[in-house]
Structures are given as C-alpha cells and as structure tokens.
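Any read-out appearing in this document is the output of simple, stated calculations on the displayed coordinates, not a laboratory observation. All of these numbers come straight from a predicted model, not from anything done at the bench. For neighbour counting, all protein chains shown are included, and Cβ atoms are generated from backbone atoms with ideal geometry for every residue, glycine included.
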Amino acid sequence: MTGWFTGAIPDEWFAGAPEVQVDGEEILVLGELAAPDVGPDAGDETKEAAEAGRIKRFREETRDHRIRIAEDAEMRFRRKVSWGVRCGESEQLFTIAAVPVMTRLRMPERRVLDTLIAAGIARSRSEALAWCVRLVAKNESEWMSELREAFAHVENVRSKGPKSTRES
C-alpha cells in the first residue's frame, strides 16, 4: 500500500516517502514537509508560525489533487483516506475519520468519563473516552511500541508455522 501511495503522490510534495498507517476503516497518509528556513536565531514562536504557514499552504495548494488520489485509493483499498503532514516540530492531521466504537463500561469507568465532562475537559462520554485513549498513547508510547513489536514478532512466527489442515 505504501508503494502505491509513493507512486501516486508527486515527488515534490514530501521530503521522502510518505508514512502510511492502516487500520480496518482508514488509511492515514502522513508526509514530511521541508522545514522552513527561519534562520539560526529564530525563536520557538517564529519557527512554529513558519511551520504552521507551510502546512496551511501545502493543505490548500494540494487539496484537489489529494482528493483525486484519495478517491482512487478508496476504490482500490476499500477504506477512507486521511492526510496529515509533519513540518519541523509540528504535525497536523486533516480529513481524519472519527469512527464510532461500541464499548461496555461499568459504573466506575463511566464515573471517570462523567468526571471529565463535569470538569469541562470533554463534552460527551465519547469525547472523554477519546481523551483517555490519547493520554495513554502519549504517556505509554514506548510500552505501546514494544507491544506492537511483540505482536509483529508473533505474527511472523505464526506465519512460519504449520498450516491448518482445515480449508477456509
């Protein structure tokens, strides 16, 4: 899939091949933009403003072409396509899907979500749950990476093992 996007995306858009992340509903294409040259003495605020400007310009100038690529990819891969870019220290995701996920929570978990709503951190239980997931992803990113690597290793070992005799 990464190869298809690398071929479909104009070479001048990104500094290198795009990163393509996939789940059951969505494909996220994340590209690296060249960081703007603001000079060695520029402060953080100047760098952030220049990066934001570069991201905004990219988003506006490539919109029609990104839509055409996404339409082709959605027909080919049967998933929605979302886009995002990194520029220097900044990252912005746009046109990302918000996919509903059903879950069953007991009273103590619902109380956590309701507390976040009462405190004004979230407007709904789904927004509070998304906030909690982002917090875990941010604070446990190293552990999550190790877990993904372990799953990849298990899948690799499983693929080398004996095949099932049952036809599917």
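The table below gives the values:
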read-out: Spatially proximal aspartates and glutamates relative to residue 163 (Cα-Cα < 18 Å; intrachain offsets below 8 disregarded); value: 155
read-out: Options 3, 53, 88, ranked by Cα towards positive dipole end of region 2-94, top entry (Cβ charges); value: 3
read-out: Rg/Rh ratio calculated on Cα atoms of region 45-100 (Kirkwood radius); value: 1.06
read-out: Cα-derived Rg over Rh, computed across region 61-168 with Rh taken as Kirkwood radius; value: 1.08
read-out: The chain - charge dipole about Cα centre, Lys and Arg +1 at Cβ, Asp and Glu -1, debye rounded to 20; value: 1120
read-out: Dipole magnitude (debye, nearest 20) for region 102-168, charges at Cβ of Lys, Arg, Asp, Glu; value: 300
